[in-house]
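For reference, the structure discussed in these notes is given below.
Values quoted throughout were computed directly from the atomic coordinates according to the rules given, and no laboratory measurement underlies them. Treat the numbers as computed from the prediction; the structure is a model and nothing was measured. Here the Cβ is made from the backbone with ideal geometry for all residues, glycine too, and neighbour counts use every protein chain on show.
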Amino acid sequence: MRLFIILSCLCLSLFSFAQRAPIKDLPAIGFEDAGFNRDSINALATVMDNFKQKDFRGVVVLKDHQVFMEWYYSSTQRKTINDIRSAGKSITALLLGVAIEQGLVDSLEQDVYSFFSKEKYPSLNDDYKKLKLKHLLDMASGLDADSEDWNTPGNAGNWIGKDNWVDYILSVPLANKPAEKWVYTDINAVLIGAIIEETSGMSLRDFAIKHVFQPLGITEYYWFTNASNQTGAAGNLYLSTLDFAKLGVLVANKGKWVDEQIVQADYIKKLIERKMFDFPDWRSTNSYGMFWYKNQLNINGKEIDYLFASGYGGNHLVVVPEKNLVVALISTAYGQPYMHARSFLILKKILGALE
């Protein structure tokens, strides 16, 4: 069953309709102002209501910093939080931009070794002198770590259960030269998180709460943090669909939330434009950089460029900078063959409804 929280656009529904509730800093917007075709959105609603699977949770669309669509399914509500899985890596990338805005980190050209002391971390490998922040963000660290290969020492199975995983991670050597090869691995995001923790003196979770979640009015969340106060920067973050979408506003709005500059604007520009690796044969993306996937779709004869965070189960946070558009999709289809395809289908229909 679909629960409508916001939208006069679909009030003629056989499904339950909840009275509109105001959202601080996010007013509602209708079809005419948002630039969406009413019939196309109604057709999308019918498609989604007829999904046989019961593991799609919610979709929120923000246009020009206003709520156009907020739909929930399968008993999900506005404040229900779900695990966004690896989309959390993209949030960690945003938090690095916050750290740069605050002067905790100078540049993406800084080497990883410089952020840690040998005295505190005796295992610190000299290979980290060759490794820069930009290499981590592009999944091109060259570290002997691969999320698909349990035999690599940097695979999460070797450190995720430890009370202090940073000490172990800093011992992982290089297997390749940085920037040469794209290898998807959790260790890269965890190192970014550890750098923010070292420079700020707080866990990544608490850093996010103070500098991002509180300004954006995000009050319901969970982010796993171990016994050593180290946060799982590669994932393990639970958010509501609406709050997931709010984070996309920081990308669409050049790092600003209303009038407050939260993430450095130049950093957001890099995040949007940097495409370190191309994937011409992939269906849902054609490039990658800064922990975000980049893609282009031809919709009704027009090329639309967008970037997105992607998490296992079909969790996507999509930003179309040119349209100042954010689409958040929450899904718990973990391990299902349709998980990403279904979210991609919904996205294509939303973009196809733009007039």
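Does V190 satisfy being in contact (Cβ under 8 Å) with a residue 12 or more places away in the chain, part of a loop (DSSP other than H, G, I, E, B) and either among the aliphatic types (A, V, I, L, M) or surrounded by 22 or more Cβ atoms within 10 Å (Cβ to Cβ) (or both)? Judged against the criteria, V190 is not a match. Those residues that are within 25 Å of the chain's Cα centre (by Cα) and not in a loop (DSSP other than H, G, I, E, B), I need them from segment 146-187; list them, please. A156, G157, N158, W165, V166, I169, D186, I187 - these are the residues of segment 146-187 that are within 25 Å of the chain's Cα centre (by Cα) and not in a loop (DSSP other than H, G, I, E, B).
Every residue, every condition in (1) under 30 Å from G248 (Cβ atoms); (2) among the polar types (S, T, N, Q); (3) without any contact (Cβ under 8 Å) to a residue 12 or more places away in the chain, yes or no:
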residue: L95; (1), (2), (3): yes, no, no
residue: L108; (1), (2), (3): yes, no, no
residue: L136; (1), (2), (3): yes, no, no
residue: A140; (1), (2), (3): yes, no, no
residue: W150; (1), (2), (3): no, no, yes
residue: G157; (1), (2), (3): no, no, yes
residue: V166; (1), (2), (3): yes, no, no
residue: S171; (1), (2), (3): no, yes, no
residue: T185; (1), (2), (3): yes, yes, no
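List, please: which pairs have Cβ atoms under 8 Å, are six or more places apart or on different chains, and start with a residue in segment 290-312 that is at positive phi and end with one that is in a loop (DSSP other than H, G, I, E, B) and surrounded by fewer than 22 Cβ atoms within 10 Å (Cβ to Cβ)? Listed by first residue and then by second, the contacts come to M290/R274; F291/M139. When the criteria are applied in full, K162 fails the requirement of being surrounded by fewer than 21 Cβ atoms within 10 Å (Cβ to Cβ) and closer than 22 Å to Q261 by Cα.
In segment 130-142, the count of residues that are over 23 Å from the mean Cα position of the chain (by Cα) and outside any loop (DSSP other than H, G, I, E, B) is zero. Counting only strands (runs of 3 or more DSSP E) that fall entirely inside segment 215-317 and contain at least 1 residues that are charged (D, E, K, R) and buried (at least 22 other Cβ atoms within 10 Å of the Cβ), the qualifying elements are 292-299. Filtered by the rule that a residue be assigned to a loop (DSSP other than H, G, I, E, B) and crowded, with 18+ Cβ neighbours inside 10 Å, segment 82-113 gives I84, R85, S86, V105, L108.
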